[in-house]
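The values are calculated or read from the model by the stated rules, or taken from the named source; none is laboratory data. Every value quoted in this text rests on a predicted model; they were computed, and no experiment measured them. Positions of Cβ are generated from backbone atoms using ideal geometry, with glycine treated the same way; all protein chains shown enter the neighbour counts. SASA here: full protein model, heavy atoms, side chains in, ligands and nucleic acids out. Shrake-Rupley method; radii C 1.70, N 1.55, O 1.52, S 1.80 Å.
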Amino acid sequence: MSYRSPVTGRALVADSPHSLAAPGERWPVVEGIAYLRTDSEGLVAVALDHLDAGCPDDALVALLTDQDDWWTGPATDLGELKQLVRRRDELTLREAMALLRLGPVADYFAYRWSDPTYLAGLALVEAHWQAPATAFELACGIGHYLRELTRRGVACTGADVVFAKCWLAKNWVAPAADYVVFDAAAPWPIADARFDLVTCHDAFYFLPDQPRVAASLRAAVAPTGVLAISHIHNLDYAGGAKGPAQRAAEWKAIFADATVYDERALLDALMRRATPHPVGWGADSRVEAWSLVERHGDDPGRRVDEGLAMPPPDAMLRPNPLLGPHGVTWPSDRYHDEYGDGCLWAQPDADLPTTDAVRLRRVVDLPERW
């Protein structure tokens, strides 16, 4: 992919195997991941110095120390990062995240394969599936959705503000995708690229300058493409929003023309092999989170059956690691509070719309080195 400077807008070209440049500026590329974060001049310089000196692992360690601006967890440890880089070909994903000191975020990533928010996001994309050839995901995390798309032949690009997340995605979860690191609220460096599918899952609600980010997402959609945004919190939810939230009218001001779903309807459609029905924007204290699509032409949505939201036929399924012989073992009280009520696989069969262990995620399709 071609990139532009997020600072000047100039075209960036490779001036070495490990860097991109324009007049007066240079940016590092480590293990194929371009690092284009603005306001990170010091880290950019350190990484480039290591790369130019022939020390790519030292550059990698430097970039793995970076975090987003709202991170409140522990700082990384250089000794642990050096161990991670040295042993990256033998460690599991969970071991790698522990060495990165991701804390509760590691729980979120490790067990996302069966959480209701993730499954609803898959159902959203499947309900508006247009057989995309290309896809772009903003705030891609460690590549859960990119894994599903690339395994179905979609050429994907994932973007995140945290280098370590893209690096985990590339090495453990979705190696077939391309990755780039940049700030969503800064000018986007993906130049004039357009994609058949553009997504932002479980992240848009905490992004800064949301109207501007929404405009950038739309600008990346191909003329006949689909924009899908899942899990944006409702400030009026009776149970209390689990993160930054707005009311329906405020979200409508950003996504006035979207097809809008109660996220629970998407999960229910997956379980029942049904077509989800949109609800539109409306004040409703029963809705915890909305998901939406914007697309060109008449696309009323379709049945969520055996497509993206289900493992491919050749998947190696394993028992859900949160389910044991004595019931559910939640990774933390925080995880249980946020996802427990929607984890249908943890509930008795009598209360469920299906007993299909795969559809419920009592067995899951984990990465090989999970």
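Figures for the structure shown
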{"quantity": "Sole residue being open to solvent by 20 Å² or more (accessible area, probe 1.4 Å), among the basic types (Lys, Arg) and within 25 Å of the chain's Cα centre (by Cα), chosen from ARG86, ARG37, ARG101", "calculated": "ARG101"}
{"quantity": "Cβ pairs under 6 Å, 6+ apart, first in the stretch 146-172 and closer than 19 Å to LEU119 by Cα, second outside any strand (DSSP E or B) and of a type in the set (Val, Ile, Thr)", "calculated": "ARG147/VAL173; ALA169/ILE142"}
{"quantity": "Single condition ASP268 does not satisfy, out of (1) charged (D, E, K, R); (2) under 30 Å from TYR3 (Cα atoms); (3) outside any loop (DSSP other than H, G, I, E, B)", "calculated": "(2)"}
{"quantity": "Given (1) more than 26 Å from LEU197 (Cα to Cα); (2) at pLDDT 95 or above, number of the condition ASP268 does not satisfy", "calculated": "(1)"}
{"quantity": "Among (1) more than 17 Å from ALA191 (Cβ to Cβ); (2) out of contact with any Phe, Trp or Tyr (no Cβ under 8 Å at 6 or more places or on another chain); (3) among the aliphatic types (A, V, I, L, M), the one test that LEU60 misses", "calculated": "(2)"}
{"quantity": "Any chance LEU78 is open to solvent by less than 70 Å² (accessible area, probe 1.4 Å) and either at pLDDT 95 or above or within 24 Å of the chain's Cα centre (by Cα) (or both)", "calculated": "no"}
{"quantity": "Matching residues in the stretch 103-114 - criterion: being touching a helix residue (DSSP H, G or I) at 6+ places or on another chain (Cβ under 7 Å) and either aliphatic (A, V, I, L, M) or at positive phi (or both)", "calculated": "ALA106, ALA110"}
{"quantity": "Total residues in the stretch 36-91, condition of a type in the set (Ser, Thr, Tyr) and either within 19 Å of LEU12 (Cβ to Cβ) or not in a loop (DSSP other than H, G, I, E, B) (or both)", "calculated": "2"}
{"quantity": "Residue in the stretch 93-115 that is under 30 Å from GLY340 (Cα atoms), modelled with pLDDT of 95 or more and either touching a Cys at 6+ places or on another chain (Cβ under 9 Å) or among the polar types (S, T, N, Q) (or both) present", "calculated": "yes"}
{"quantity": "Selected residue [modelled with pLDDT of 95 or more, over 30 Å from VAL44 (Cβ atoms) and either surrounded by 23 or more Cβ atoms within 10 Å (Cβ to Cβ) or among the hydroxyl-bearing types (Ser, Thr, Tyr) (or both)] from LEU146, LEU119, LEU138", "calculated": "LEU119"}
{"quantity": "Hey, TRP71 of a type in the set (Phe, Trp, Tyr) and at pLDDT 95 or above or not", "calculated": "no"}
{"quantity": "Answer residue from the stretch 1-34, given it is part of a strand (DSSP E or B) and charged (D, E, K, R) and is least open to solvent (accessible area, probe 1.4 Å) among those", "calculated": "GLU25"}
{"quantity": "Options GLU288, GLU306; residue that is of a type in the set (Asp, Glu) and surrounded by fewer than 21 Cβ atoms within 10 Å (Cβ to Cβ)", "calculated": "GLU306"}
{"quantity": "Residue that is farthest from the chain's Cα centre (by Cα), among those in the stretch 224-253 that are of a type in the set (A, V, I, L, M), in a strand (DSSP E or B) and at pLDDT 95 or above", "calculated": "VAL226"}
{"quantity": "Candidate set from the stretch 254-297 (those that are within 22 Å of the chain's Cα centre (by Cα) and small (Gly, Ala, Ser)); member that is nearest to VAL358 (Cα to Cα)", "calculated": "ALA269"}
{"quantity": "Close pairs from the stretch 314-327: first small (Gly, Ala, Ser), partner assigned to a loop (DSSP other than H, G, I, E, B), Cβ under 8 Å, at least 6 apart", "calculated": "ALA315/ASP365"}
{"quantity": "Filter result for the condition that a residue is among the small types (Gly, Ala, Ser), in contact with a helix residue (DSSP H, G or I) (Cβ under 6 Å, 6 or more places away or on another chain) and open to solvent by 20 Å² or more (accessible area, probe 1.4 Å), over GLY282, GLY240", "calculated": "GLY282"}
